[in-house]
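The values are calculated or read from the model by the stated rules, or taken from the named source; none is laboratory data. Values in this document were obtained by computation on a predicted structure and should not be read as measured data. Every residue, glycine among them, receives a Cβ derived from its backbone with ideal geometry; neighbour counts consider all protein chains shown. The accessibility values were calculated without ligands, DNA or RNA, using every heavy atom of the protein model including side chains. Shrake-Rupley method; radii C 1.70, N 1.55, O 1.52, S 1.80 Å.
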Amino acid sequence: MATKPKKKNPRLASGRKRVRQDVKLNAANTSLRSKYRTAVKNVEKAVLAGDKTKAAEAFARAQSVVDTVADKGIFHKNKAARDKSRLAAKVKALATAATAAA
């Protein structure tokens, strides 16, 4: 049974404070990363379902989340732009396919 070695507590007060801050920062970053992935997944689900209005609404919400996460540096701005571009293309393709079929 392999377990992680126990981390030693820092001796200096500044080091102890840094550890406390890192715990909070890690939790915040994890939450934002999860929110980002969920927003992207919601758009992709709506596109797969073929629901044009739902996909457009989900994309509008996802854009905001993606921009926020990129601004905070959780993901690189180029990754955020790439993901937004791909999602926009999927939503646009869905909209044009729906109008072509009608």
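How are the alpha carbon pair distances in the chain distributed across 10 Å bins from zero to the largest one, expressed in percent?
14, 32, 22, 16, 11, 5, 1
Just to confirm, what accessible area per residue do you get for the chain at 1.4 Å probe, in whole Å²?
78 Å²
Answer with one residue from ALA81, ALA93, LEU25: the one whose Cα lies farthest towards the positive end of the charge dipole of the chain, charges on Cβ with Lys, Arg +1 and Asp, Glu -1.
Among ALA81, ALA93, LEU25, the one farthest towards the positive end of the dipole of the chain is LEU25.
Can you sort ARG16, ARG11 by 1.4 Å-probe accessible area, starting with the largest?
ARG11, ARG16
Less than 13 Å Cβ to Cβ from VAL91, Lys/Arg counted +1 and Asp/Glu -1: what total charge do the surrounding residues give?
Details: positive: LYS45, LYS52, LYS54, ARG61, LYS84, ARG86, LYS90, LYS92; negative: GLU44, ASP51, GLU57, ASP83.
Counting the neighbours of VAL91, the net charge comes to +4.
Given an 8 Å cut-off on Cα distances and at least 6 residues of separation, report the relative contact order of the chain as a percent.
24 percent
Out of the total accessible area of the chain (probe 1.4 Å, heavy atoms of protein only), what percent is carbon and sulfur?
55 percent
Compute, for the chain, the length of the dipole vector about the Cα centre, with Cβ point charges of +1 (Lys, Arg) and -1 (Asp, Glu) only. Units Debye, rounded to 20.
940 debye
Explain nothing, just the number: dipole magnitude of segment 20-65 about its Cα centre with +1 on each Lys and Arg Cβ and -1 on each Asp and Glu Cβ, in debye rounded to the nearest 20.
Values: 10 positive and 4 negative charges, 29 e Å.
Dipole size: approximately 140 debye.
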